[in-house]
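Student: The structure under discussion is supplied below as structure tokens; questions concerning it will follow.
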């Protein structure tokens, strides 16, 4: 089975993020957690069904090197080929990104393409679905387990409310992963460093056309609410609190 | 990995640790298992581990999870008649195999990955490592500005980030400030010293941390390192010299003892009954027994009582050797934590305050107080907190 997993990088929220008028500048990037699970599930499927796993790192020109370590991590876990797709884009329209990736992926002959269902910097989490639309393939999201039964894919999907569903999925297909069926495999430091030296990463440039009609006016944090600390003995405090509640028309 | 590869990898690692050949001299006496805080629950005590290794059943040890039932308390190594480095080699090398297989207990895996990425196990920003200095009313000098100092103070990860342990860091820094010590910290340049990564078998990460830390140390001029973190003290004293680092390293109990004459003039009376817990890497591993006792006994008004298991025979808090990240894993095997046993012991000798000297002890024992219902009856304090209280 020829398997592909998409791996994006997102701002590392442990570090602070600088918000400028027309730019958001993260201090560091980290692998998107859901995509790490997509890679893990791809490797699990390879264990079950045989074949190969290609990991497709998706980055912008200015974050191109930030995906090297996550790609090496995938290699250390057993991925076969690493590809870095460098998007040259000015637009942030995800549909155009999906179109560009689909153009690259369409003739590669993958039976299954895994993506994480969402990323912390993309509420919509729509890459999988949009890729499927662009490539005219079936898409199923919410995936928590993938099996091969009698030569076809059987996918377990989380339905919410604690319910699960099982689906037969014809290949080629795109699967959106919530979490892999086992915890992410641990890679010791020395093994990761060795993988970073040994792993060969192919690079491809993907042109994303600029879309007119949407321009960033500004990025900003919502204003912080004003906090007033009331001080005094309990009776005083109660009186002050009543006044405040009257002021804001709660009482 | 098949069994052959596992054994090859295991013995290759073992050969890198000095005196590890001694495992061949194991008498199968069982002193280790009888001494182990988890011996009663472990499917493979150190004695059985060596027996299984001789029988090439290494995969059975790993499948049982016994390699994670170790707090690195050093009691087995200390008592072993053949002086086999059980804590420093036999068990960490087994743990390394689990790491290579990719399936250590999840909380521990996260702590190790965070340490590799951020230089601390808490997933905190390295740029906030010195944030505790903003919570004190005196200036804590930074090496990057000061360039030289008599003492380089290492707060280490727990002391820099853990909410309760930061109080200990602040207390010890204030004691140094009040003593007029010429000290400085690395601030955000500091990263994990790494003793727990070593004891967990993450040897590659430990080496990387040592290299980076030594490089940082070499940027500045100082005479010695002082730390209140018992594991940092152990690694800096015993492991870093193997990489060429040769500065004097003191545990804060030694430093307080060294300054005892000065402190005595500053001490005010305190009205407590206290007992002292010999932390594994202060006492048993590094032989510091008298210094903390002398400091405590010098505080006027304190009544000092000993517990039954003291000095070399003290019971571990359960936090060392990665134990602090293995709580839920170990609970599958054992229902009572060693820390719960220990706080009961402290209460049974009539102590109001349990004094400790390892930064892991305080959160471990405070959690145990909640579980045992002793909260309110017994208080846990690091020795530096007690000293600060006496001189304020």
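Student: Can you go through B:268, B:223, B:234, B:286 and tell me which one is in contact with a helix residue (DSSP H, G or I) (Cβ under 8 Å, 6 or more places away or on another chain) and not in a loop (DSSP other than H, G, I, E, B)?
Tutor: On the way: B:268 fails: not in a loop (DSSP other than H, G, I, E, B); B:223 fails: in contact with a helix residue (DSSP H, G or I) (Cβ under 8 Å, 6 or more places away or on another chain); B:286 fails: not in a loop (DSSP other than H, G, I, E, B).
Only one candidate qualifies: B:234.
Student: Determine whether residue B:63 is surrounded by fewer than 18 Cβ atoms within 10 Å (Cβ to Cβ) and not assigned by TED's automatic domain parsing to the domain that holds residue B:192.
Tutor: yes
Student: A further question on this structure: Could you grab me the full set of residues in segment B:299-311 that are touching a strand residue (DSSP E or B) at 6+ places or on another chain (Cβ under 8 Å), more than 19 Å from residue B:364 (Cβ to Cβ) and surrounded by 15 or more Cβ atoms within 10 Å (Cβ to Cβ)?
Tutor: B:302, B:304
Student: For residue A:175, state whether it is away from chain B (no Cβ under 14 Å), more than 30 Å from residue B:111 (Cβ to Cβ) and modelled with pLDDT under 95.
Tutor: For residue A:175, the condition - away from chain B (no Cβ under 14 Å), more than 30 Å from residue B:111 (Cβ to Cβ) and modelled with pLDDT under 95 - is not met.
Student: Just one of B:314, B:347, B:390 is buried (at least 20 other Cβ atoms within 10 Å of the Cβ) and over 23 Å from residue B:32 (Cβ atoms); which is it? Break it down into steps so the answer makes sense when it comes.
Tutor: Numbers: B:314 fails: over 23 Å from residue B:32 (Cβ atoms); B:347 fails: buried (at least 20 other Cβ atoms within 10 Å of the Cβ).
Only one candidate qualifies: B:390.
Student: What tally of residues in segment B:38-66 results from selecting those that are touching a residue at least 40 places away in the same chain (Cβ under 8 Å), assigned to a helix (DSSP H, G or I) and under 22 Å from residue B:25 (Cβ atoms)?
Tutor: Count: 5.
Student: Can you say whether residue A:146 is more than 14 Å from chain B (Cβ to nearest Cβ), closer than 30 Å to residue B:111 by Cβ, buried (at least 16 other Cβ atoms within 10 Å of the Cβ) and modelled with pLDDT of 95 or more, as far as the supplied structure shows?
Tutor: Values: more than 14 Å from chain B (Cβ to nearest Cβ): yes; closer than 30 Å to residue B:111 by Cβ: yes; buried (at least 16 other Cβ atoms within 10 Å of the Cβ): yes; modelled with pLDDT of 95 or more: yes.
So residue A:146 fits the description; yes.
Student: When you look at residue B:131, is it more than 7 Å from chain A (Cβ to nearest Cβ), touching a residue at least 60 places away in the same chain (Cβ under 8 Å), surrounded by fewer than 24 Cβ atoms within 10 Å (Cβ to Cβ) and farther than 16 Å from residue A:73 by Cβ, yes or no?
Tutor: no
Student: Also: Which ones in segment B:368-381 are outside any loop (DSSP other than H, G, I, E, B) and either in contact (Cβ under 8 Å) with a residue 60 or more places away in the chain or touching a helix residue (DSSP H, G or I) at 6+ places or on another chain (Cβ under 7 Å) (or both)?
Tutor: Hits for segment B:368-381 are B:368, B:369, B:371, B:372, B:375, B:378, B:380.
Student: Okay, next question. Taking residue B:79 as the residue in question, decide whether it is surrounded by 19 or more Cβ atoms within 10 Å (Cβ to Cβ), modelled with pLDDT of 95 or more and out of contact with any strand residue (DSSP E or B) (no Cβ under 7 Å at 6 or more places or on another chain).
Tutor: Numbers: surrounded by 19 or more Cβ atoms within 10 Å (Cβ to Cβ): no; modelled with pLDDT of 95 or more: yes; out of contact with any strand residue (DSSP E or B) (no Cβ under 7 Å at 6 or more places or on another chain): yes.
For residue B:79, the condition - surrounded by 19 or more Cβ atoms within 10 Å (Cβ to Cβ), modelled with pLDDT of 95 or more and out of contact with any strand residue (DSSP E or B) (no Cβ under 7 Å at 6 or more places or on another chain) - is not met.
Student: Going by what's in this entry, would residue A:206 be described as touching a residue at least 60 places away in the same chain (Cβ under 8 Å), away from chain B (no Cβ under 14 Å) and assigned to a loop (DSSP other than H, G, I, E, B)?
Tutor: no
Student: If I go through segment A:55-95 residue by residue, how many of them are in a loop (DSSP other than H, G, I, E, B) and either away from chain B (no Cβ under 14 Å) or surrounded by fewer than 18 Cβ atoms within 10 Å (Cβ to Cβ) (or both)?
Tutor: Final tally of qualifying residues: 7.
Student: While we're looking at this one, here's another question. Condition check: part of a loop (DSSP other than H, G, I, E, B) and more than 14 Å from chain A (Cβ to nearest Cβ). Does residue B:81 satisfy that? I'd like the intermediate steps shown before the answer.
Tutor: Numbers: part of a loop (DSSP other than H, G, I, E, B): yes; more than 14 Å from chain A (Cβ to nearest Cβ): yes.
Yes.
Student: Pairs please, first residue from segment A:237-251 and free of Cβ contacts under 8 Å to residues at least 60 places away in the same chain, second anywhere and surrounded by 12 or more Cβ atoms within 10 Å (Cβ to Cβ), Cβ atoms under 6 Å, 6+ apart in sequence or on different chains.
Tutor: A:237/A:230; A:240/A:230
Student: Being in the same structural domain as residue B:354 (by TED's automatic domain parsing) and surrounded by fewer than 20 Cβ atoms within 10 Å (Cβ to Cβ): is that true of residue B:246 here?
Tutor: No: the conditions fail for residue B:246.
Student: Out of segment A:127-138, which residues are surrounded by fewer than 19 Cβ atoms within 10 Å (Cβ to Cβ) and closer than 21 Å to residue A:48 by Cβ?
Tutor: Matches in segment A:127-138: A:138 only.
Student: Where residues in segment B:18-32 are surrounded by 13 or more Cβ atoms within 10 Å (Cβ to Cβ) and under 18 Å from residue B:88 (Cβ atoms), which of them is modelled with the lowest pLDDT?
Tutor: Checked segment B:18-32; the qualifying residue modelled with the lowest pLDDT is B:20.
Student: Which ones in segment B:104-123 are facing chain A (nearest Cβ under 7 Å) and either within 21 Å of residue B:173 (Cβ to Cβ) or part of a loop (DSSP other than H, G, I, E, B) (or both)?
Tutor: Scanning segment B:104-123 gives B:104, B:123.
Student: Then there's this: Going through segment A:15-32 one residue at a time, which ones are outside any strand (DSSP E or B) and buried (at least 19 other Cβ atoms within 10 Å of the Cβ)? I'd like the intermediate steps shown before the answer.
Tutor: Looking only at segment A:15-32, we keep the residues that are outside any strand (DSSP E or B), and these are A:15-16, A:21-22, A:27-28, A:32.
If the condition is that a residue be outside any strand (DSSP E or B) and buried (at least 19 other Cβ atoms within 10 Å of the Cβ), then A:32 is the only one that fits.
Student: If a residue counts only when it is in contact with a helix residue (DSSP H, G or I) (Cβ under 6 Å, 6 or more places away or on another chain) and within 19 Å of residue A:38 (Cα to Cα), which strands (runs of 3 or more DSSP E) contained entirely in segment A:142-196 have at least 2 such residues?
Tutor: A:173-177
Student: Pick from B:99, B:69: which is within 11 Å of another protein chain (Cβ to nearest Cβ), crowded, with 18+ Cβ neighbours inside 10 Å and modelled with pLDDT of 95 or more?
Tutor: Only one candidate passes the filter, namely B:99.
The values are calculated or read from the model by the stated rules, or taken from the named source; none is laboratory data. It should be emphasised that the depicted structure is a prediction, and the values quoted were computed from it without experimental measurement. With ideal geometry, Cβ positions are generated from the backbone for all residues, glycine too; neighbour counts draw on all protein chains shown.
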